[in-house]
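J.: This is the structure, below, for whatever I ask next.
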Amino acid sequence: MTAYWLFKSEPDAYSFDQLEKDGHTEWTGVRNFQARNNMKAMKVGDLGFFYHSSTKVPAAVGIVKVVRAAHPDPTARDRKSEYFDPRATADNPIWEMVDVAFERRLPRPVTLAEMRANPDLAATMVLLRKGSRLSVQPVHPREWKIVLAMAGSPAP
DNA sequence: GCCAACGTTGGC
DNA sequence: GCCAACGTTGGC
């Protein structure tokens, strides 16, 4: 059973365009336990929305596929990384990451404002909860379908 | 740039 | 264990 997720990224830091060029990437730098736990729950083959945050028009812009399950995030133990965490050790890496691959671009972006305006999403979607900051979050299959439809995308 | 909401830290 | 203070996120 495929599960669905949403990955936030600031396009200035790492954009969906960049992922398309790269083909795949390691989702490094998550330093929130709930977001980490969501990654630990992911299985290879799961799909996720790629969401652009902290930008002029925040929006879901594409779809990624999980191609490697959670494993230790090496940036936590890299003294030179901005994501360095002195508590992380080889025995207890604390922070993990998944690898994701470019799957496809949405026919058109679905903006945060559009999602918020959709009563079928507003009540339940984690992204739309007041004060929601979770950078890796679950998406209910029902929500997944609705957002895909809003993007003008045929069901996969 | 502002600020509400959140997660984390640390004093007690 | 509580909670105030702080730093960060992220929409607006």
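J.: Out of all the residues in the stretch A:101-156, which are without any contact (Cβ under 8 Å) to a residue 60 or more places away in the chain, part of a loop (DSSP other than H, G, I, E, B), of a type outside the set (D, E, K, R) and within 13 Å of DNA strand C (Cβ to nearest atom)?
T.: A:MET125, A:GLY131, A:SER132
J.: Starting from residues that are of a type in the set (Asp, Glu) and out of contact with any His (no Cβ under 9 Å at 6 or more places or on another chain), keep the ones in the stretch A:96-131 and report whichever is nearest to A:ASN37 (Cα to Cα).
T.: Within the stretch A:96-131, the match that is nearest to A:ASN37 (Cα to Cα) is A:GLU103.
J.: Now for a different question. Can you name the residue in the stretch A:3-58 that is among the acidic types (Asp, Glu) and within 16 Å of DNA strand C (Cβ to nearest atom) and is also farthest from A:ARG116 (Cα to Cα) among such residues? Walk me through how you get there before you give the answer.
T.: Going through the stretch A:3-58, the residues among the acidic types (Asp, Glu) turn out to be A:10, A:12, A:17, A:20, A:22, A:26, A:46.
The next check asks that each one be within 16 Å of DNA strand C (Cβ to nearest atom); those that pass are A:10, A:12.
Numbers: A:GLU10: 19, A:ASP12: 24 Å.
If we take residues in the stretch A:3-58 being among the acidic types (Asp, Glu) and within 16 Å of DNA strand C (Cβ to nearest atom), then A:ASP12 is farthest from A:ARG116 (Cα to Cα).
J.: Further question on the same structure: For residues in the stretch A:37-61 being surrounded by fewer than 16 Cβ atoms within 10 Å (Cβ to Cβ) and among the charged types (D, E, K, R), which is nearest to A:ARG133 (Cα to Cα)?
T.: Top of the filtered list is A:LYS56.
J.: Going through A:ASP73, A:ASP85 one at a time, which residue ends up being farther than 30 Å from A:LYS145 by Cα, touching a residue at least 40 places away in the same chain (Cβ under 8 Å), within 16 Å of DNA strand B (Cβ to nearest atom) and more than 19 Å from the chain's Cα centre (by Cα)?
T.: After applying the criteria, what remains is A:ASP85.
J.: Going by the conditions given, is A:PRO119 more than 16 Å from A:TYR4 (Cα to Cα), surrounded by 15 or more Cβ atoms within 10 Å (Cβ to Cβ) and away from DNA strand B (no atom under 16 Å from the Cβ)?
T.: Against the criterion (more than 16 Å from A:TYR4 (Cα to Cα), surrounded by 15 or more Cβ atoms within 10 Å (Cβ to Cβ) and away from DNA strand B (no atom under 16 Å from the Cβ)), A:PRO119 does not qualify.
Laboratory data are not the source of any read-out in this text; all were calculated from the coordinates shown. Note that the structure is a prediction, hence the values are computed from the model and not measured. All Cβ positions, even for glycine, are placed from backbone atoms using ideal geometry, and neighbour counts span all protein chains on display.
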